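Report on the structure given below.
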């Protein structure tokens, strides 16, 4: 039986694109390149010359695979000479699995490069570092099983985040993602719009979004802690009576005369917090602000964070929720 080799066109296409314009993206010429190259080919670095020769190497892969296939088949037949059809099917399966894994790894690598380039545009001064070898060993095993676009993108965000901030993702978080099912992932996407500070879920804001059983599902999965609704966050207002809560590119500014501002909440676990930082989210700003009012402050301001000419963050208030006074 002859083995049909899968086409290498898609892999060659994105590798060729890296060298268009006479060079490779600056973002992968430094430490980040080591992590990307491990996914692509297992080399220890990505010099420009290696990338520029990669397209030709891929063209030669079909012939190389044929040679390897023959050698493997010859060796394997010594162990199963009585049933060569089993050897043939096993070899076919092995080659297919290796191709699938490599395809997944390169898809994650390609998306990671795109994300890193976006990060570089937003923060040109950011210094990147290469994840340690033990972390990459485990990451690679998970990334090569990412067949869906959703999980390829998620693993790409994890790798880009680890390259940008070494130690940002624990091994337990990698394990959490590797066993994440669609039901739990959908619940995470439903609850994150109500998350502030990347780990606080105000109970009043989120109680109508998920059923009690769904909160329990997230707790059992290890994403958050409900503690039977007995958790709370306490913050001391500054000298102007303000308490600030970050929410992506937005801030919620609580204006209160209270000495201590107390917010009943659920809390994300360590892995939940790490994931919340990289999953794009459209925050339910007004619903959260209205829920914070129930905790006693006079006003809650919704502010958009911008950067001024000096590089300093400023908060531009876009809406104010005021405490209703009963007549």
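The values are calculated or read from the model by the stated rules, or taken from the named source; none is laboratory data. Keep in mind the model is a prediction, meaning the values are calculated, not measured. Because the Cβ atoms are built from the backbone with ideal geometry, glycine has one as well, and the counts that use them run over all protein chains shown.
Across the stretch 175-197, which residue is nearest to residue 225 (Cα to Cα) among those that are touching a strand residue (DSSP E or B) at 6+ places or on another chain (Cβ under 7 Å) and touching a residue at least 60 places away in the same chain (Cβ under 8 Å)?
195
Mind telling me which of the residues 156, 147, 172 ends up being in contact (Cβ under 8 Å) with a residue 40 or more places away in the chain, in a loop (DSSP other than H, G, I, E, B) and assigned by TED's automatic domain parsing to the domain that holds residue 105? Can you show your working first?
Working: 156 fails: in a loop (DSSP other than H, G, I, E, B); 172 fails: in a loop (DSSP other than H, G, I, E, B).
After ruling out the rest, the residue left standing is 147.
Could you run through the stretch 275-327 and say how many residues are out of contact with any strand residue (DSSP E or B) (no Cβ under 8 Å at 6 or more places or on another chain) and more than 30 Å from residue 125 (Cα to Cα)?
7
Which residue, of 266, 242, is over 17 Å from residue 302 (Cβ atoms) and either over 18 Å from the mean Cα position of the chain (by Cα) or modelled with pLDDT of 95 or more (or both)?
Only one candidate qualifies: 266.
Given the conditions (1) within 27 Å of residue 226 (Cα to Cα); (2) in contact (Cβ under 8 Å) with a residue 24 or more places away in the chain, and given that residue 166 satisfies all but one, which numbered condition is not satisfied?
Only one criterion is unmet by residue 166, namely (1).
Going by the conditions given, is residue 243 farther than 25 Å from residue 152 by Cβ, in contact with a strand residue (DSSP E or B) (Cβ under 6 Å, 6 or more places away or on another chain), assigned by TED's automatic domain parsing to the domain that holds residue 293 and surrounded by 18 or more Cβ atoms within 10 Å (Cβ to Cβ)?
On the way: farther than 25 Å from residue 152 by Cβ: yes; in contact with a strand residue (DSSP E or B) (Cβ under 6 Å, 6 or more places away or on another chain): yes; assigned by TED's automatic domain parsing to the domain that holds residue 293: yes; surrounded by 18 or more Cβ atoms within 10 Å (Cβ to Cβ): yes.
Answer is yes for this residue.
For the stretch 120-135, name all the residues that are assigned to a helix (DSSP H, G or I) and touching a helix residue (DSSP H, G or I) at 6+ places or on another chain (Cβ under 6 Å).
Residue satisfying the conditions is 120 alone.
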